[in-house]
Amino acid sequence: MNPSILLTQQPSSHPTLLLTPFLNPNPNQTLTKSITVNLRRNSNRNRYIYRYGGYKHSCNVSVVRCSSSPPETTSQTETNAAVSDVFGGKKELTALQSVVESMSPAVRLASSVVVVAGAVAAGYGLGLRIGGNRSASIGGAVVLGAAGAGAVYAMNSSVVPEIAAVSLHNYVAGSDPRDVKKEDIENIASRYGVSKQNEAFNAELCDIYSRYVLSVLPSDGEDLKGDEADIIIKFKNSLGIDDPDAAAMHMEIGRRIFRQRLETGDREADAQQRRAFQKLIYVSTLVFGEASGFLLPWKRVFKVTESQVEVAIRDNAQRLFASKLKLIGQDIQPEELITLRDAQLQCRLSDELAEDMFREHIRKLVEANISTSVDVLKSRTRTAKDARLIVEELDKILAFNNLLVSLKNHPDASRFARGIGPVSLIGGEYDGDRKMDDLKLLYRAYVADSLSGGRMEKEKLSALSQLRNIFGLGKREAESIAIEVTSKVYRKRLAESVTGGALEAAESKAAFLQNLCEELHFDPEKAIEIHEAIYRQNLQQYVNDGELSDDEVKSLEKLQVMLCIPKQTVEKIHEDICGALFEKVVKEAIAAGVDGYDADVKQAVRKAAYGLRLTRGVAMSIAGKAVRKIFISYIQRSRASGSRTEAARELKKMIAFNNLVVTELVSDIKGESSETPTEDAVIDVEAKPVDEVDDEEWESLQTLRKVKPARMTTGKPGQTEITLKDDLPDRDRTDLYKTYLLYCLTGEVTRVPFGAQITTKKDDSEYVFLKQLGGILGLTDKEIVEVHRSLAEQAFTQQAEVILADGQLTKARVSQLNELQRQVGLPSEYAQKIIKNITSTKMAAALETAVGQGRLSIREIRELKGSGIELDVMVSLSLRQNLFKKTVDDIFSSGTGEFDEVEVYEKIPEDLGIDANKARDVVHELARTRLSNSLIQAVSLLRQRNTSGVVSSLNDLLACDKAVPASPLSWEVPEELADLFSIYIKNDPAPEKLSRLQHLLSIDDATAEALKEMKDRAVPTSETSEEEFVF
């Protein structure tokens, strides 16, 4: 069989008729017709639908009732007619069967004996007549007796069981299946003396059972009702049929359905047969229970998988459980939940699936209420009554949710159907972003209804929380909706309190507003925002004409007091609204430029500054923001210019704009007089109190004296309140100031053809603009002094490096440097510091070169150090270490044989500024190396007849030995060592040196004494050299 027979498919709109030819388990018995009957009851009359020969017929079984017949008789007649259709009607007996049937068992036994006896007697007589002897008569008796016995056996073994089967069939066909009793069937079997295991009798039992099962199973795409298994089990027990025989009938019905599926070529009919097969599997499993695993071999017979069998059982169980769920409404009771749990167990549905189905059913019930509410909400003809209907539907949802929560906590909750709990829309129609807007609208409607009385009750808060959880709204989303709705109600109640005078009459305005928030369960912070919005709205209306009158100011102050708005908040609101208007006026004034800033503009600025009731700080802040933008534009053009002169011109324009426009603007904002002082008027430009600078520093440079704060200047000064201190980095501000300072120093440069240029010097008036530029840039006095000083030092350093190119400071060069100092205007201490740095740098380079070339000795180093030169600063450590190695090496090669440990280990490292321990390691290493080299050099000089060189080499050997005491030395030719010692004796050395040399050359005392005695002996001449010296 194709395993796809168990796959669930959608029912067709044109169901195919289910052909059910009954196959007799007994191959000797053939049924010519098959009938499948499905009983349905109607409230008015009994209507029976049956199938005959594979076609569906409907008929009304009408029974003529006699006037004297009781209703029970009529009903019984109708039932008998229906039952006869299920089991095929009563069967008729043949003549022989009728005769045998009329006999009792005793009579049949006696008749059998009589028949056998009669046959024997007849055979005996017939044999005697034909044969004429005794043997023939006995043979005839035996033959006819055997024939009679065979006839009797055939009657008892064939006819009687058939009669019993017919009686069984007629009994069942003539009775209501529910009234069939096991005792009656056993009585039929005992009456005819047959066993229930008799082939004919058992075949009839199986046929009756098969017919009944087919009549119980639904057809034509109908779903199971849930009682089919119980009805079949009851009828099976009433028949007394064994489970294996009954299971075989279920398997036979499955084969029948399979064959009908093979004969069907229609896809819809095929799907119908699949569903019928699934129903058969499910009902059969319920009928036989745990034994169905081995009584019903679906997998082996029909080649289906375990999962397909499980799917068939699961799908039908779900359909049955779904039919039970349809009876559950929003008024669910504990008894219904217990019944539903029992139905789930009876259907053999798992707890997980039952829980999912129950929750889905609950969700659909709630979705129905939501859909009704949404339809009303979106209706264009919605009325107040309809709005109330929305709330009622939502209240039903909340009541249903509360009921489910209470049932979940019920003492008998373990006996209830699985899935009891709060309502959830997850996985349903409203679980999506497209439907979330509808849920938000419903939530908004419920919030509005909860606040319809002007206050929020506690039970409404709980209901809103539950509704939010049911709809799956986020906390922020729900709060946003609630705040939006509550804000409107709060505004409405606040307006009523203001217009009615309740708020003004309250002793504590804050307590009144707090109480109002508590009644509405409104966030006080949101209420404060509403108060600010109301104040902002009123202020916006009042300033439409460009100024605030006294009455408007008083009204705003009254509103501020009633709404408990802090002063800082009010100032911020005024700054935002009035500041925007004032900023517009300021920008127009600035845009007017130097020539356009006339009396009308001045009047507009004064009117805006005082008419809008802005504080001076706020007004200056707004004006400063606009002015700084203009300043930045001038600076950008200055930076983009191609030369220093052009950059200075742009800065000069900015200074002029500050003097002629910004200064007037600030004066108008402050309300000061704008008349320009006369030429004879004197203005004292006070110094900034940020960083105090001594008068000596101002007098130290010529350029500083020209921009000194206490310098008396004529004319009106520029404003210094609006600066670029916070808009530009310190480096940029000082660079801009330095640019203009260089312009003041060098003058204006004009380029002429052929690459020439003409420099036009400027008078001291440019320094007035320089001072004003410093104020615009927000430079402190200390920063200004540093800029002037750094520029003067830079100019002096460049010229001084040229004069002191070789680092030698002569008298003539000192005069040049003094003249340069006077021209630059640099103080003497700064000039001397620069000169010292230059000479030190040059000297350091010279010392580096001299040390590197080996032209400096330790004696010269000590002379330089005595002159105050810091050698460790001017000469690098590596060069000083090399100088130390060279000095020690000179000591070891001096030929004197002297080694002063204090000098080498302490004084020289201290003079050179190197580590003493490292110096000692260097000395030891050099001594070990020079020790062996000195011996080799002495032998070499000996062979060259250079006696003085031999003595020097041996002294070097002794010097190295003093640094690092050595063990006796070895040599291949001992006679040469003796000759060395002999030559050294002739030089009259100190006894300690001679003794140490004897030890180093490994000369014993006897040899030493002999050599001393030969002191006066002459050195061998060249003629005898070959005899005395053997190489």
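The values are calculated or read from the model by the stated rules, or taken from the named source; none is laboratory data. The structure presented is a predicted model; accordingly, all values stated were derived computationally and were not measured. Note that we place each Cβ from the backbone using ideal geometry, even for glycine, and neighbour counts take in every protein chain shown.
Descriptive notes on the structure:
Per-residue answers, yes or no, for (1) basic (Lys, Arg); (2) touching a helix residue (DSSP H, G or I) at 6+ places or on another chain (Cβ under 6 Å); (3) outside the structural domain of residue 562 (by TED's automatic domain parsing); (4) surrounded by fewer than 17 Cβ atoms within 10 Å (Cβ to Cβ):
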| site | (1), (2), (3), (4) |
| --- | --- |
| 427 | no, no, yes, yes |
| 439 | no, yes, yes, no |
| 471 | no, yes, yes, no |
| 497 | no, yes, yes, no |
| 513 | no, no, yes, no |
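- Taken over region 974-1018, the criterion of being of a type in the set (Ser, Thr, Tyr) and within 18 Å of residue 945 (Cα to Cα) is satisfied by 982, 984.
Yes or no, residue by residue, for (1) in the same structural domain as residue 734 (by TED's automatic domain parsing); (2) over 17 Å from residue 593 (Cα atoms); (3) free of Cβ contacts under 8 Å to residues at least 60 places away in the same chain; (4) among the β-branched types (Val, Ile, Thr):
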{"position": "630", "(1), (2), (3), (4)": "yes, no, yes, yes"}
{"position": "633", "(1), (2), (3), (4)": "yes, no, yes, no"}
{"position": "639", "(1), (2), (3), (4)": "yes, yes, yes, no"}
{"position": "644", "(1), (2), (3), (4)": "yes, yes, no, no"}
{"position": "651", "(1), (2), (3), (4)": "yes, no, no, no"}
{"position": "655", "(1), (2), (3), (4)": "yes, no, no, yes"}
{"position": "660", "(1), (2), (3), (4)": "yes, no, no, no"}
{"position": "665", "(1), (2), (3), (4)": "yes, no, no, no"}
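- Matching residues in region 236-252 - criterion: being out of contact with any helix residue (DSSP H, G or I) (no Cβ under 8 Å at 6 or more places or on another chain) and either buried (at least 18 other Cβ atoms within 10 Å of the Cβ) or hydrophobic (A, V, I, L, M, F, W, C) (or both): none
- Any chance residue 618 is modelled with pLDDT of 85 or more and either assigned by TED's automatic domain parsing to the domain that holds residue 746 or under 30 Å from residue 537 (Cβ atoms) (or both): no
- Qualifying residue in region 253-268 (condition: surrounded by 18 or more Cβ atoms within 10 Å (Cβ to Cβ), touching a residue at least 24 places away in the same chain (Cβ under 8 Å) and closer than 30 Å to residue 339 by Cβ): no
- Restricting attention to region 193-221 and to residues that are part of a loop (DSSP other than H, G, I, E, B), touching a residue at least 60 places away in the same chain (Cβ under 8 Å) and in contact with a Pro (Cβ under 7 Å, 6 or more places away or on another chain), the residue that is nearest to residue 279 (Cα to Cα) turns out to be 221.
- Some residue of region 479-494 being among the small types (Gly, Ala, Ser), out of contact with any strand residue (DSSP E or B) (no Cβ under 6 Å at 6 or more places or on another chain), buried (at least 20 other Cβ atoms within 10 Å of the Cβ) and modelled with pLDDT of 90 or more: yes
Residues are listed down the side, and each one gets a yes or a no for (1) in contact with a Cys (Cβ under 6 Å, 6 or more places away or on another chain); (2) within 21 Å of residue 357 (Cα to Cα); (3) free of Cβ contacts under 8 Å to residues at least 24 places away in the same chain; (4) in a helix (DSSP H, G or I):
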{"site": "382", "(1), (2), (3), (4)": "no, no, yes, no"}
{"site": "403", "(1), (2), (3), (4)": "no, yes, no, yes"}
{"site": "407", "(1), (2), (3), (4)": "no, yes, no, yes"}
{"site": "419", "(1), (2), (3), (4)": "no, yes, no, no"}
{"site": "422", "(1), (2), (3), (4)": "no, yes, no, no"}
{"site": "425", "(1), (2), (3), (4)": "no, yes, no, no"}
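- Sole exception among (1) out of contact with any Gly (no Cβ under 8 Å at 6 or more places or on another chain); (2) within 24 Å of residue 578 (Cα to Cα); (3) among the acidic types (Asp, Glu); (4) in contact (Cβ under 8 Å) with a residue 12 or more places away in the chain for residue 547, by number: (1)
- The single condition among (1) over 30 Å from residue 325 (Cβ atoms); (2) part of a helix (DSSP H, G or I); (3) at pLDDT 75 or above that residue 143 does not satisfy is (3).
- Here residue 506 clears all of (1) of a type outside the set (Phe, Trp, Tyr); (2) over 30 Å from residue 460 (Cα atoms); (3) surrounded by fewer than 18 Cβ atoms within 10 Å (Cβ to Cβ) except the condition numbered (2).
- Residue tally, condition in contact (Cβ under 8 Å) with a residue 60 or more places away in the chain and assigned to a helix (DSSP H, G or I), over region 490-539: 3
- Selected residue (criterion: nearest to the chain's Cα centre (by Cα)) from residues of region 351-367 that are loosely packed, with under 14 Cβ neighbours inside 10 Å and more than 14 Å from residue 325 (Cβ to Cβ): 352
- The listed residue being surrounded by 17 or more Cβ atoms within 10 Å (Cβ to Cβ), without any contact (Cβ under 8 Å) to a residue 40 or more places away in the chain and either among the hydrophobic types (A, V, I, L, M, F, W, C) or under 15 Å from residue 510 (Cβ atoms) (or both), out of 581, 563: 581
- Summed over region 584-610, the residues that are surrounded by fewer than 19 Cβ atoms within 10 Å (Cβ to Cβ) and in a helix (DSSP H, G or I) give a count of 17.
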